[in-house]
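Beneath this line is the structure, given in structure tokens, with notes to follow.
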């Protein structure tokens, strides 16, 4: 650059704003800069107004329209430095430093003041050019900038000294101000601080006390009238309005030209316009001296009222505080003008935690809020109320300690009454002694803030604990049983029927020093021993314990004694129920099998879960009945309902089942007879039942069902299936005949019989319960111990046993087949010669089995049975031997005639054959088959298995042998 380029002359008729923008664009281009700005100070020394810019986006220019003297950004401070009369330079930040602060771009800024800053009427401002890089401009560049600033100063001066036409400074009130504003003395104004332009209507001129003939249209004419102490706050409000575009309201003192000092209220807002246009305000102006005087009178009254009152402005600085608030806050000096958050916490009323966030929330929502604070000095409660104002916020401090205490007492009384009502209802619904203890622990302990409970009753001159809460088991073991003649608080309360209260351990031990062995008395430090008296007789003691020493008020003692009467009545009823329930359970346990018999080819496990506490005994039962030829009957049933009648009906049914099973009846015939038994119990008696007969020789199981859930069959591979059984009605409501279902069961399978209480409840339907049962059975349980599997099933289906409302029974039976080498069977002809053939076959088979000691006896039995068949029966005849721990001999035929033992006379030739069979076998009997009947005998295998010679001769001597 060889020199400063000449400045082009401007046409005389060129607008100052256009000329200013053109000159600014030229210098930015010559310096290869990014953007240029011209700022002017007008109306207030605390701010700079942007009057022209180039190279900035509209949004960026709008955000930089006003700078204050407290700018945090270095660029803003640099511009202010230049406006003070000396050029300034701020290099662009290094790459490591990141972008510049705030809204300024990451560039350097070169600033020169506008010439004429020192002149009284000269424009005060600066020209700034944003440059890339960190190198400071050279001498030629600074000269170019100063030349451009001089040209800009001329344009600014032209704009400042431009006269406003008298028609604009004296606008008729009727054309610019609504009649309503004129009627109440409100004037309108418009100003452009950057150009020092001001437009006032007649009413505004009257408020300011300016003669309309002398008004020059300059903003400074107004600002010179504002009291010095109020100018900075007005400038701050104007700056905030420029930044936010919001309405500003400000009251300040006005020193009128006639010497009068008045208070005026100014309301204004930035007029919308393009970013490069100077900021223009429009607003209203009114005299508020009288209203402010009224407010001052109100302020005087509020200053001396009993409640605390404090006001802050938008900057959270305290503008008013009355005597009461000043005393509560306890500041060491005058707090007016101080920021609310900076007050020391030395008074009776500390500022609550989170007050700043609460204030901002109230200001944003324009909704009052309350918060209660407890004073650390006097311990009293104060209510702090926050009320949003147009120009700040008001705080009210009220002592609400006595009111809170009254309300707390009322709430405590209401809560105590409600808890007493809840306790009464809970005691009325409590079932059993434990239910009463639980109700007292749940309702009485919170009512008094107690930490422990011990409930004791009298039994045979002893005082025994029946329930507790809040104590360790070791301590309870020390006082589990106490003689009624003992010298301690419990026994003394029962003998005297008078409650005793102890506020400290020392007080208790001073009265009963012999109780020192209890150590710290269960980690409790205060007690209330209440006698439980029902029907004018002491039944026990309720002892409440507290974790800390306490004094019992008269009201608390009276209430505790009253509650002890309710507890005593409930406890006495609960003990009677427990006794009756215990007798019913003993009856039920007596009716159920104590243990299932041990049978070959079947292992079992059972579990019976009675209903939860408070429910009567039920009618669920199970059984396993050995039948002939290693067959077994599996039985499970449920008498509908609960109570002693249902338990008794269950006992009658179980007895009937044993009787009918002993007759070797088919499953459907058993149910037919049982249906008659249940029908005879009454119209309201019903029972469901599942009766199954398993034959280990064939592996077949026959089921008959009367309204009962189907069994589960778990195969050796873990597959679970529920056989599709006919849905016959329950016993007592059925119409025979019953249907049967035959299922072939693989060796090693598991038969699972259960009652509906296992798979169905109010929380689970039967389909879901059966699915869950199948899942539990299929999880490898078929391979493990049956007792473990039984516990797993019950725990999985009844996790909360105390909550069950129905009895539940489950019977697991793992069944096996008789080995093939332990079975021998032959068909025989229905001829007399068949007896000899049978003896030969039996003898040979027993020799092969190594049972030669049973050959003679078995030959006699087989000969008698086959001879009877040949003489009295018909159809196909079969002979079968089964060897296990016993030897079973079976002879079958095609007739249904049942042989019976009869007493033969001395002259009868027959009738003694079955007597011989009974004498030679341990057991014998007859059962019906699908094709006829089968007569069977059972002999023991072992050292004493054979029949002695005397027994055999005696049997033969009784009559002829067929």
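Below is a table of values for the structure above.
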{"quantity": "FRET efficiency, residue 779 to residue 481 (Cβ-Cβ, R0 51 Å, nearest 0.05)", "calculated": "0.65"}
{"quantity": "Full-extension gain in nm, residue 821 to residue 244, via 0.36 nm per residue minus C-alpha separation", "calculated": "197.2 nm"}
{"quantity": "By average C-beta atoms within 10 angstrom, highest first, the peptides 402-413, 494-505", "calculated": "494-505, 402-413"}
{"quantity": "Highest to lowest packing among 29-36, 522-529, 583-590, 85-92, scored as the average C-beta count within 10 Å", "calculated": "522-529, 29-36, 85-92, 583-590"}
{"quantity": "Cα gyration tensor, region 582-693 - rounded (a/c under 1.5), prolate or oblate", "calculated": "oblate"}
{"quantity": "Spin-label model distance (nm) - residue 589 vs residue 32, 7 Å beyond Cα toward Cβ", "calculated": "10.7"}
{"quantity": "Computed label-point distance, nm, for sites residue 874 and residue 930 using a 7 Å Cα→Cβ extension", "calculated": "2.3"}
{"quantity": "In nm, spacing of pseudo-spin labels at residue 143 and residue 228 (7 Å Cα→C-beta vector)", "calculated": "4.4"}
{"quantity": "Relative packing of peptides 723-733, 419-429 - highest average C-beta neighbours within 10 Å first", "calculated": "723-733, 419-429"}
{"quantity": "Taking 393, 358 and counting other C-beta atoms within 10 Å, the order from fewest to most", "calculated": "358, 393"}
{"quantity": "Shape call, region 503-561: gyration tensor on alpha carbons, a/c limit 1.5", "calculated": "oblate"}
{"quantity": "Cα gyration tensor category, rounded, prolate or oblate, for region 411-582 with a/c compared to 1.5", "calculated": "oblate"}
{"quantity": "Potential extension, residue 261-residue 765 segment - 0.36 nm per residue separation minus Cα distance", "calculated": "172.5 nm"}
{"quantity": "Two-site FRET efficiency, residue 831 against residue 735, from Cβ-Cβ distance with R₀ of 45 Å, rounded to 0.05", "calculated": "0.45"}
{"quantity": "Label zone at residue 795 (point 7 Å along Cα-to-Cβ), backbone N below 19 Å, region 806-822", "calculated": "808-812"}
{"quantity": "Estimated FRET transfer efficiency (residue 582, residue 898; beta-carbon r; R0 56 Å; 0.05)", "calculated": "0.75"}
{"quantity": "Neighbour-count ranking [beta-carbon atoms within 10 angstrom, fewest first] of 341, 316", "calculated": "341, 316"}
{"quantity": "Amide N of region 565-592 lying under 15 Å from the label point, which is placed 7 angstrom from the Cα of residue 424 along Cα→Cβ", "calculated": "565-570"}
{"quantity": "Added length on full extension, which subtracts the Cα-Cα distance from 0.36 nm per residue, residue 305 to residue 496", "calculated": "62.8 nm"}
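No lab work stands behind these numbers, since they all come straight from the coordinates. Worth saying up front: this structure is predicted, and the values here are computed from it rather than measured. Positions of Cβ are backbone-derived with ideal geometry, glycine not excepted, and every protein chain shown enters the neighbour counts.
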